[in-house]
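Since the structure comes first, as structure tokens, the remarks are kept for the end.
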Amino acid sequence: MPLLVTEIELKEIEVQVRRRLKPLLDSGIRLRVVETIASTNAALKSQALMSNQTLLLAREQTAGVGRRGSLWQSPPAGNLYLSYCVHSGRPLNELSLWSLGVTVAVADALERELSLDCKIKWPNDLYVQGMKVGGVLLETLSLAGDDVAVVIGIGLNVASHPDPDLLQRPVTCISKHTDRSVDLPMIAALVAAAVVDMCRLSHAVLQAWLMSSWPSRDLLLNQPVAVPMLGEGLGIARGLSPDGGLEVEFAGKPRTVYAGEVNLGHVDTE
Ligand code: BTN
């Protein structure tokens, strides 16, 4: 039976990603590339036991998940939907820095390869010129003993982005901000390598690297912010705490935020 055009395109994407990731794949990392899937994170979670060191890339997600259970629009329009599952015996307080680590690693890679000035809105939102370009969703599942399966999902608007009016927030895509030609295999390989490398860092190295690189990535630094969960009104964001929280000063008193939404510049009444 003749191959469909989409099957040929998919095969070509896989060939190119495999070529770019050869050293990683030779080191034992596995790669699956699929046309359509509900969610790459959900798929790896459902097969977590068998998915150690597995990258899963999809051209389309029909039920992509964002942080706090929101929908992550994932049409087959040249954008990145990638997840990586890795088993780890590290304690949860160490793993809690990984989602920040992945976000900074992706921002660094985009800046290095595409000269994108990429900022991060704590904890996991990637921004270019004040507009969201992507995000990271890290989920964990307990395995036998103290082991944990960590599933790291990265969504990046590469060639297109959702309608900002429908989303009710500014959004953009990478291709609008670089002169370099960007395509899915190139971005997938770049991001996959950055994520796998980050997971291999020791805790001490990750912590030191995060603390030194965060200030230049921090979209919120010294900005007025509202943290609806605290019900405190406006505070001033003061950067990252060593355990990955966001330091916010309310009426001169420092507090560390570990969860919930942080909004720029206005008190959100949601
Ligand atoms: C966010 O809300 O900013 C995080 C979005 C994470 C989306 C990615 S796309 C690949 C992976 N699979 C999912 O269902 N979600 C993540």
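Each reported figure results from applying straightforward, stated rules to the coordinates on display, with no laboratory input. Predicted, not measured: the structure shown is a model, and the values here were computed from it. Cβ coordinates were reconstructed from backbone atoms using ideal geometry, including for glycine residues, and neighbour counts include every protein chain displayed.
Could you tell me whether any residue of the stretch 27-46 is closer than 26 Å to Thr140 by Cα, out of contact with any Leu (no Cβ under 9 Å at 6 or more places or on another chain) and of a type outside the set (Gly, Ala, Ser)?
Step one: of the stretch 27-46, the residues closer than 26 Å to Thr140 by Cα are 27-46.
Among the residues that remain, those that are also out of contact with any Leu (no Cβ under 9 Å at 6 or more places or on another chain) are: 27-28, 36, 38-39, 42, 46.
Filter again for of a type outside the set (Gly, Ala, Ser), leaving 36.
Among the residues of the stretch 27-46, at least one is closer than 26 Å to Thr140 by Cα, out of contact with any Leu (no Cβ under 9 Å at 6 or more places or on another chain) and of a type outside the set (Gly, Ala, Ser), which makes the answer yes.
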(Q) within 16 Å of the ligand (Cβ to nearest atom), more than 18 Å from the chain's Cα centre (by Cα) and not in a strand (DSSP E or B): which single residue out of Leu166, Leu220 fits that description? (A) Leu166
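Would you check if Gln16 is more than 10 Å from the ligand (Cβ to nearest atom), surrounded by fewer than 22 Cβ atoms within 10 Å (Cβ to Cβ), under 15 Å from Leu184 (Cα atoms) and polar (S, T, N, Q)? Give the steps one after another, and end with the answer.
Values: more than 10 Å from the ligand (Cβ to nearest atom): yes; surrounded by fewer than 22 Cβ atoms within 10 Å (Cβ to Cβ): yes; under 15 Å from Leu184 (Cα atoms): yes; polar (S, T, N, Q): yes.
Answer is yes for this residue.
Could you go through the stretch 71-90 and let me know if any residue there is in a helix (DSSP H, G or I) and surrounded by 15 or more Cβ atoms within 10 Å (Cβ to Cβ).
Just the residues of the stretch 71-90 that are in a helix (DSSP H, G or I), to begin with: none.
The answer is no; no qualifying residue exists.
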Q | Whichever residue in the stretch 156-173 is touching a helix residue (DSSP H, G or I) at 6+ places or on another chain (Cβ under 7 Å) and aliphatic (A, V, I, L, M) and, among such residues, is farthest from Ala58 (Cα to Cα) | A | Val171
Q) In this structure, is Ser96 free of Cβ contacts under 8 Å to residues at least 40 places away in the same chain, polar (S, T, N, Q) and under 22 Å from Val262 (Cβ atoms)? A) no
Q: Find all pairs meeting these conditions: Cβ atoms under 7 angstrom apart; at least six residues apart or on different chains; first residue within the stretch 65-87 and touching a residue at least 40 places away in the same chain (Cβ under 8 Å); second residue part of a helix (DSSP H, G or I) and near the ligand (Cβ under 10 Å from one of its atoms).
A: Val65/Asn41; Val65/Ala42; Tyr81/Thr40; Leu82/Thr40; Ser83/Thr40; Ser83/Asn41; Ser83/Leu44; Cys85/Leu44
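Is it the case, given these coordinates, that Ala237 is crowded, with 17+ Cβ neighbours inside 10 Å, within 23 Å of the chain's Cα centre (by Cα), assigned to a helix (DSSP H, G or I) and hydrophobic (A, V, I, L, M, F, W, C)?
Criteria not met by Ala237.
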